[in-house]
Amino acid sequence: MISRAINPLHEKVLEAIGVDEIVHPEEETAERWAKKLCLHNVVDSFELSEDFSIIEVNVPKEYIGKTIREVGFRRRFNLLVLTIIKKSEVKSLLGKHVQK
């Protein structure tokens with residue numbers, strides 16, 4: 001069973017009655033917004049554990065056009081790049097240029 005705790009006392013009651021997983025959506029959302037507001041270029045984040053997070057960022061302009069190796073994300077920032085989303089411009093059926 002999964003339940004949402006609204007405060008520490010509520011969490012203790014849920015634990016006492018045997019709830020398997022207790023979630024804190026307000027706290028999780030607050031942490032995500034804190035990262036977004038405090039870290040430059042952060043679009044969104046998801047905490048996996050105390051030590052690891054998945055973070056979506058807008059890459060600074062000085063890195064655009066460089067390879068992951070050239071930038072040295074792992075060596076310089078201790079970051080592992082999972083994927084890259086590249087915006088491209090395509091022509092619609094009506095001939096209008098649209099960014100995707």
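Since every read-out is calculated from the coordinates, none of them should be taken as a lab result. In this text the structure is predicted, and so the values were computed from the model without any measurement. Cβ sites come from the backbone with ideal geometry, for glycine too, and all protein chains shown count toward neighbours.
For the chain, calculate the relative contact order in percent as a whole number, restricting contacts to Cα pairs under 8 Å that are 6 or more residues apart.
12
What is the gain in length, in nm to one decimal, between VAL98 and GLU15 on full extension, counting 0.36 nm per residue of separation less the C-alpha to C-alpha distance?
Numbers: separation 83, 0.36 × 83 = 29.88 nm, distance 5.16 nm.
So the chain would gain 24.7 nm between VAL98 and GLU15.
Pop the C-beta distance of MET1 and LEU37 into the FRET formula with R0 = 30 Å and round what comes out to the nearest 0.05.
For MET1 and LEU37, the calculated efficiency is 0.30.
Which Cα, out of ILE84, GLY95, VAL42, lies furthest along the positive dipole direction of the chain (beta carbon charges, K/R +1, D/E -1)?
Of the options given, the answer is GLY95.
Taking a ≥ b ≥ c as the square roots of the Cα gyration tensor eigenvalues, with a/c under 1.5 meaning rounded and otherwise prolate when a/b beats b/c, else oblate, which class fits region 22-100?
Cα axes put region 22-100 in the oblate bin.
Can you list the lysines whose alpha carbon sits under 22 Å from that of LYS66, skipping same-chain ones fewer than 8 residues off?
List returned: LYS86, LYS87, LYS100.
Please determine, in degrees from 0 to 90 and to the nearest 10, the orientation of helix 25-38 with respect to the longest principal axis defined by the Cα atoms of the chain, where the helix direction is its Cα long axis.
On a 0 to 90 degree scale, this one is about 40.
Given charges of +1 on the Cβ of Lys and Arg and -1 on the Cβ of Asp and Glu, with all other atoms neutral, how large is the dipole of the chain about its Cα centre, in debye to the nearest 20?
Dipole magnitude for the chain comes out near 1120 debye.
Take every DSSP beta bridge whose two residues both sit in the chain, then give the antiparallel share in percent to the nearest 5. Kindly include the intermediate steps, with their values, before the conclusion.
Numbers: 8 of 11 bridges.
Approximately 75 percent, going by the DSSP bridge assignments.
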